Every structure is written in structure tokens, then in C-alpha cells.
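Structure record follows, encoded as C-alpha cells.
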Amino acid sequence: MDELQEIMQDFLIEAFEMIEQLDQDLVELEQRPDDLDLLNRIFRVAHTVKGSSSFLNFDILTRLTHHMEDVLNKARHGELRITPEIMDVVLGSIDQMKSILYAIRDNGTDSNSGIDINPMVAKLDAVSSGNSVESAGAVNTIEPESVSEPVVVNDSSESSNEEEPDYANMSADEIEKEIERLLRVRQEEDAQRRAAKKADKPVASEQSEVHVETEVPAAKPLPEQPQAPKSTPAPVTAPAPSAQKTAVSPQQGGGEASGSAIEQTIRVDVNRLDHLMNLIGELVLGKNRLIKIYSDVEERYEGEQFLDELNQVVSSVSTVTTDLQIAVMKTRMLPIGKVFNKFPRMIRDLSRELNKKVELVISGEETELDKSIVEEIGDPLVHIIRNSVDHGIESPDIRTSNSKSDTGTVALKAYHEGNSIVIEIEDDGKGLDPMMLKSKAVEKGVISEKEADAMSDKESFSLIFKPGFSTAAKITNVSGRGVGMDVVKTNIEKLNGIIEVDSINGKGTTIKLKIPLTLAIIQALLVAVQEEFYAIPLSSVLETVRITRDDIFLVEGKSVLRLRNEVLSLVRLADIFGVESTLEEGDNLYVVIIGLAETKIGVIIDRLIGQEEIVIKSLGYYLKGIEGIAGATIRGDGRVTLIVDVSALMQLAKSAHKKVDQKVKPKDAAVLAHKKMHSSDYRVLIVDDSKTDRSIMKSSLKALGITIVEAVDGVDALSQIKSSDAPFDAILIDIEMPKMDGYTLASEIRKYNKYRNLPLIAVTSRTGKTDRMRGVEVGMVEYVTKPYSPDYLMNIVKRHINLSVEA
Amino acid sequence: MSEKLQDVIKKQQAQKVAPQKKDEDTLQVVGFNVGDEEFAVSILNIQEIIKPIDFTRVPGTPDYVLGVFNLRGNVLPLVSLRLKFGLSSSKYSEDTRFIVIKNGTLILGFVIDKLTQAFILKEAEIDHTLDVQSEQEGLIYGIGKREDKIITILKAEGLLKREF
């Protein structure tokens, strides 16, 4: 049973792969009906599916493919010319074959799929018998044979179909005989194959069984041959050896090529690749961490010998990691052609259905992108292309009256641009009319009239993505329900992609989809809000600007920013994520302009940290579905940073809309300022490992009457700072200390946003210039060298803590 | 020499076998304090216990979810048991620990005030009757009685259940 299951799996994988190519081939065939190579390829698919399905007892599928094969076989032998009408039937039958295959995949059988193939079989029969008679005059002497042939073939196939259920009822003897018979046939085939090999005819492996079989009668016609159910084409081909030979030669070339190509590739379970990608993710994190540590070490041991060596190691590890990451990413890459392939067929069907003439021009189908994205991108493209053909391209008579060529063109382009892939869908149809879009949108209640008036042309184009919006006058099979473009938007947003619509009324429309190449490891912009860090996927960041409070305008109670010719809504990231404000905002604001699909907003943040490559980690079951958070990443310093979910952020932004032009006043500061009535309310921390030094400092500051807290080293100081109830007003730091030195302590303190303005005063016996420089680098505001006079120290401290009350 | 070695090996094996015998009707737990009360969790559900480290706040979560922290490359949620049990939050002390509890694939970190000890309870010493009346349904496995004190034994499934 398991073995059969495995065979079925293989069969399905093979069948779906072949079908993908099939659609493409068939549409091409319509343009070049005489291309034998194409015909043979198509025939082979039908034949292979038939062979395998009869082996697996899929009777319905067998019967359908058998009739398809009949028609195709005739075409192959020039007995039938492929007309668009015949093509419709063939394409229809292939669609049915697909749905049966889907049913098999889902249910494991084709018997209860609910698909009635009888009408289709009848149509196929009509084509193969009726039309062949009709076109017989054009064909020639084979005519009488070909007319009688289908009858024979049909009979044999029907009998073979009826035979199959009989296997179950056969007696053991009968089965044995049947097996023996089949074995004999197989052995003969093998013998012939060997003979053929000896005769130096290149024969590709089992994959091209079809071609071996068809070749056989040409080499050595055998009486038993017609008996084998798998070689049904044989009786048809046998009487016409001359036609057969021409058919075989191009086929051999094809078979060979695919044979050798197969050896070059292996199928790998996607899960394994995912696992590999996860491991690489860990490695990237390690690399980031190493780089961070290196920069710390570089700072501290500047000019030392071992730094060079360390630098080499770090950079080589980092290059290898990057290369490895790219290599694994590449293994997950698929050419976008896999998605594009189905569109020629779709365009063909659509243009016939809508009575329009449309040509599809595809370029860049070899552009590769991550498998997970390839899977997601198909649907949106279907909707966009449908839209282009239905709404964009005009009917031929309108086109000619507008002095355009009567055939419309839809161009599908894919190319790389930086770290993303761009897919462009361009049509030369009637384009979008901003006025019409606006009035439609107002009519349908999608936007208010006021909003419509304020909209630029470009903004109005994005109306087509609103749910429930459709410009089609009537609902057709193809579109007009106002669902399609909404789907496009959601799917592209899911991929963190951006949609751009551009259109010239009367000339055509271009829709540009910009999608990041991969989903697991991304480039991100790191921003800080108060003391928290967030990572914004760089693919959604359009630009960052620094503005002043005066650049913010109020429109209908909402804060907006005028940026060049656009007006953007503004939100404060701190409001959205409920970040506690402990720090006063300056007059300059940083705004990150983020764009997703076709919308843009400005997000106010406190500081820009920089760009970094981050590995997306899920927050897991316990925290899944947190609004606005797409995941987390581990930064170089080992801390966790949350990744902003840009599409959710846009949603949240709508509700969090609030005036942002007022300064945020930290609550604590207000409270504190109020509280400081006595000089003892001022708190100064002294960090020094020597008790004597601490006493000297204490006595120097005694006159101020302020509260003095002591710490014996950096570690102690840091924990005191973190755990103290009231914040310190200044910290005096010795440089030379055990456990953690003064420089490290200062840089640790500066990591906390709320201590950004805390005065750190170095009190040290180190007098070198480099020491002073380092002090400035890590954020010391004053550098006092020992020995010092008590008054000097006191004045410095007094100045920095803004002591306003008298002792 | 070799005799000695064998003796040692024998002893070790004896030790290995011994607790297994008892295993069926006993429960080995790790006890800890949250506020003034003592709780315990089955040792089989404890992945590790670490000293407090930095964590990152996650917006939009209940207050007892403190955030997420990095445990050797894994991002784990961190829950304050004080807040979860309705106590006020307190500063970290010398004894504060993160206790990492797992159940199947679910792993969470919990902040506790102090570790007490690991010990073995006989099933007979555990009272299961409280579970029904308990407010936090599914959170309590039973009440363990031990010498002079009473210990609430928590269920890992309950602790790891998302309630928001």
C-alpha cells in the first residue's frame, strides 16, 4: 500500500510539472499549428498521464486522456489541423484533466470527484472523427485508413478499460497468465530497447518511455505489440511508418536533453531547506554579534597587534556567512517563469471570451525569487492581468477608431532592483480616468466628497485597490465584483511589497509590484523610541526625513506632513506601541516614511540607529498575533528587538491618529522638578574602587549638602543606577577600576535613553590626551584629573546638577 | 584498583536504578517563592533556571507579560508570576531568577522571587481536591503537604496557556 502511495505521489508530482509546461505549449501550438516538436511534446504528456493513470487504476482519468491522445495523435500525423475551435476543446479537456488530478491529490481517487467527463469525451470524439473527415480532403491517401482507425482504437481502449475492473474478479490462474503476458511484452520491449541501444540510437531513460515505444514499430514491427495497454499509440502509428519517422527524430533530441538535465538536479524537501535557512539565520546572528564585539574591542585596544588578526578572522567569517546565506537562498529560488507560464493561456481564453485581441509579451521570466513568494504572487498577478484585459484593453473597433492597432498588448516584465524584485504589468488600453475613479468612489461610499477633492491624480489611482470598488459597468465572468484588486493589495502587503500605479488616460496603465527577494533574512532600519528599539523592514521604508515641529500641519484634526508634493499622515510610533515617555522630545523630529502596497504614512521616531541585516524570528505561540509586531530578531549585543509589522502598523495608525504637534513632556521630570526643594534632594553617585578617593570626593562635596551615594566599581554602580528609586543628578566616575572600568561604565549608562543627558564626570589620575579623547567618546561631560582642589570639584558638580537651592 | 573502580560503577548504577523504582508514585518538584507563598513545578517541565537578564517589552500584551528575552538564540516570552498572581511588582533582588518552563514545544520564562529547594513528594502527600474550587482553573495540580508547610504545585500546561 505504501509503495503504491509513493508511486502515486511521484505520478502526481510528475503530472503537475508536465501540465505546467503543457498550457504554454498549447497556446504556442495555436500560433504554429505545424510545429511537430510541440505536438509531440504535448502528445507525450497526454500519453504519459494516461499510462500512469491506467496503472494506478484511475479509470476516469485514463478514459479522458485516452480521447485527448486520439485528437493529438491525429494532429501529430497531419490528419487534423488545429483550429481555435479544436483548441478550445483540447484546452477544456486539459482543464478537466487538471481538476481530476487535483481530486486525486486530495482524495486519492478519481472515482468520486464529481467530474463528468462524458460531454468532454463526446466533444473530443467529434473533433477526432468529424473534423478529421472534414479536413480529409486536404490530407491525402491516408484518408481511408484514418477514418477507420479511430473506431479500432476506441474499441481497444474501451475493451482495455473494461478489462481493468476485471482484474479483481480474475482467478489466480488468470492473473498469473495475465502477469506472464505482460511480462513477456515487457521483456520484448526491453530486448528491443537493448537492440536499439546497440544500434547506437540514443535512448533516454525511463522518463521517455513513450518515445521508446513509438520508436519500436518503426524498427521492428511486432504482432504482440498492440496488446499492451501502454502502447496504444502503436496501432495508429504502425500503419503509417513514413509519418512516424519524421515524428520521431525531433523527439529524440528532446528526450535526450531532458534525460541529461535530470541527472543535474535533485528534489529536496522544502522543510530541509527551511531548516537549513534557520541554521544560517543563527549564523548571521552570530556574525552580527562578532562584528559588534570586534568594534568594542577595537575601541578599547586600539593599535594593538592582535586586532589585525582578529579583523581578518571577523571579516572572513562575515564574508563566508554572507556567501553561504546567498547560496542557500539561491537554492530556494525559483524562476518567476513558473508563475508567468500560465498567463499566455489565460490571456488567450480571456481575449476569446471578451472578443478582444490581446497579445501578451513576457520578459524577464528567468528572474528568480524565493519559493514562498512565488507561491503567493500568482493570485495577485492573475487579478491584475484580468483587470488589464477586461478594463484596460478596449475592443478592436474602439481601438481602431482611436487610431491604435486593433491588437492590445499586455506586457509582463520582471527584473531585479536592489534587494527586491519588480514585476511590471503594463497595458496599452484606455488607462485610468482620475475624475471617473473619484466619482465612482464617492458614489459607492468608499470616500467622501471632501476627500475626493483633496486627492491627487496619483492618489486616485490607488482607489482601485479599495474593497468593493469596481469601475466595470456590468459584472462579467471576468471581473467587476470589486474583489480582485483588493486581493492584490492584501497579498502584496503580506509579502511586505509595494504597489505603484501609473496611468495615462487613453494611453494605458502600468502597475508595478515591488517585492522583497526573501522573507527570512531581511534588511531593516533600526529606530529608537524613547528607550525601546524597533526594526522596520527596509523594503517598506521609502525615506527618512528630519523635520521641525513647524512642518506639521493639521488637516481635519489629523497631523499631516507636507513632503514635496505629497501630504502624508503622521503618527508617533510611541503612541502606537504605548511607549512610556521618560525623555523630552527635541524640536527636530525624525520621520520614517513607510510605504506599503499603495499607501504611505510618516512615522515619528526619536532616533535613527542604522541599517542592519536581521533574521526574523517568530514570537511563538504564546505571543502570536500581537498587533503591529511581525516578529523579533536578536541584535549584535544579544538583545531582542521587535520587528514592526508595517501593514498592521498602517491599520493601527488610523486608530491612533492624534495630534502630534505638541511636545511630549516626561511625567517624571515634572514631578522631580517639583520635588527638589532641598539640596539633599539632589543625588550624586560616586564610583571609585579606593575608599580613600571616595572619602576625598565626599568631603569636597560636603559643603553642597547633597545626597551622596557610593559604588565600589562599574558593576556595582550600574546595578545601583538601575535599582535606585530616585534618579541620580550626576555621576562621578573613576577610570581605573576592577570588574568594569569607567569607560565601559559610561558607555553602558549612555545606552539607556533616559540617561542620555545625565552628567558623567570622570575623576581620574590618567592625564593622557588619548584618555581624555576616550572619555569624550564614551560620553563623559567633564574630565577632572587627580589631584584636584575641593572647590574645583564642588563647582563642577554644582554647575552640572543645576543646584538652585542654597544649602 | 580495578576492583575499586567496579565498586564505584556498581554504586553509581545502584543509585541510578533506585530513584526509578520510586518514580511511579512520586513527583519530583522544584519549589520557589512568589511573594510570601511557596509554589512548585514538576522538575520534568523545567528546562533551566537562569539569573535575570535583559528583556524587551512587547506592546499590546497584559502587564504580566513582561516581554521577550534571548535564551541562547531563542526568543522566549517572559511572564512575571507576581503580576500573574495579582501581587504588586517588585524590584529584582539577589534571589530573583528566571525559570524556564516547557511543555512539549511551548517554552516560557517566568520571573520568580526565590528558589527554595528541589524535593520529592509522594502522591499520597498531594491533595488534589482544591483544583475544582480554584479560581485559576487548570493552573493548580494539587497541594503538597510537607512537614510544617503547604506548597501549591502548579501545572505546566496551565502556566503556559495563553489567556489573552
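The values are calculated or read from the model by the stated rules, or taken from the named source; none is laboratory data. All figures in this text were calculated on a predicted structure; none of them were measured in a lab. When we count neighbours, we look across all protein chains shown, and the Cβ atoms used for this are built from the backbone with ideal geometry, even at glycine. Surface accessibility is based on the protein's heavy atoms, side chains included, excluding ligands, DNA and RNA. Shrake-Rupley method; radii C 1.70, N 1.55, O 1.52, S 1.80 Å.
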For a distance above 20 Å, tell me the whole-number percent of Cα pairs in segment A:499-597 that qualify. 53
Give me D for segment A:356-436 in µm² s⁻¹, whole number, from Stokes-Einstein with Rh from the Kirkwood sum over alpha-carbon pairs, 4 °C and 1.567 mPa s. 92
Average other protein chain Cβ within 10 Å of Cβ, residues A:624-630: 3
Accessible area of segment A:1-108 belonging to carbon and sulfur atoms, whole % at 1.4 Å probe: 48
Might you work out the accessible area of A:Val592 for me, using a 1.4 Å probe with all protein chains in place, and round it to the nearest 10 Å²? 0
Quantify how strongly other chains surround peptide B:74-80 by giving the mean number of their Cβ atoms within 10 Å of each of its Cβ atoms. 4
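Using a 1.4 Å probe over the heavy atoms of the protein chains, calculate the carbon and sulfur portion of the accessible area of segment A:314-437 as a whole percent. Could you put the intermediate results ahead of the total?
Values: 2830 of 5290 Å².
After summing per-atom areas, the C and S share lands at 54 percent.
Is segment B:50-164 rounded, prolate or oblate when judged by the Cα gyration tensor, a ≥ b ≥ c being the square roots of its eigenvalues, rounded requiring a/c under 1.5 and prolate requiring a/b larger than b/c? Mind showing how you got there, number by number?
On the way: a/c = 1.83, a/b = 1.56, b/c = 1.17.
In terms of gyration-tensor shape, prolate.
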Would you mind pulling out the separation of the Cα centroids of segment A:346-383 and segment B:65-103, in Å? 51
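Leaving ligands, DNA and RNA out of it, rank A:Glu299, A:Glu375 by accessible area with a 1.4 Å probe, largest first.
Numbers: A:Glu299 90, A:Glu375 115 Å².
My answer, sorted largest first, is A:Glu375, A:Glu299.
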A drop of at least 50 square angstrom in accessible area, chain alone versus all protein chains together, probe 1.4 Å. Which residues of segment A:600-623 meet that? A:Tyr621, A:Tyr622, A:Leu623
Could you give the angle, 0 to 90 degrees to the nearest 10, between helix B:2-22's Cα long axis and the longest principal axis of the Cα atoms of chain B? 50
5 angstrom amide H check on B:Ile140, placed H, neighbours 5+ away: B:Lys155
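For segment A:672-744, which whole-number percentage of the solvent-accessible area (1.4 Å probe, protein heavy atoms only) is attributable to carbon and sulfur atoms? Don't skip to the answer; put the middle values down first.
Values: 1830 of 3340 Å².
For segment A:672-744, the apolar C and S fraction of the accessible surface comes to 55 percent.
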Pairwise burial A:B, computed as accessible area of each alone minus the pair, summed, 1.4 Å, Å²: 2000
Anisotropy class of segment A:541-659 from Cα gyration tensor, a/c 1.5 cut: prolate
Return a whole-number percent for the relative contact order of segment B:44-85, with Cα pairs under 8 Å and 6 or more residues apart as the contact set. 29
Sorted by accessible area (1.4 Å probe), largest first, how do A:Tyr415, A:Tyr743 line up? A:Tyr415, A:Tyr743
Checking B:Arg82, B:Arg72, B:Arg146 against a Gaussian network model of chain B (alpha-carbon springs below 10 Å), the top fluctuating residue turns out to be B:Arg72
Within 10 Å of each Cβ in peptide B:50-58, how many partner chain Cβ atoms are there on average? Round it to a whole number, please. 4
Along segment A:352-360, what does the Karplus equation 6.51 cos²θ - 1.76 cosθ + 1.60 (θ = phi - 60°) give for ³J(HN,Hα), rounded to whole Hz, x for Gly and Pro? 5, 5, 9, 6, 10, 9, 10, 10, 9
In the neighbourhood of A:Leu525 defined by beta carbon distances under 11 Å, the net charge of the other residues (Lys, Arg +1; Asp, Glu -1) is -2
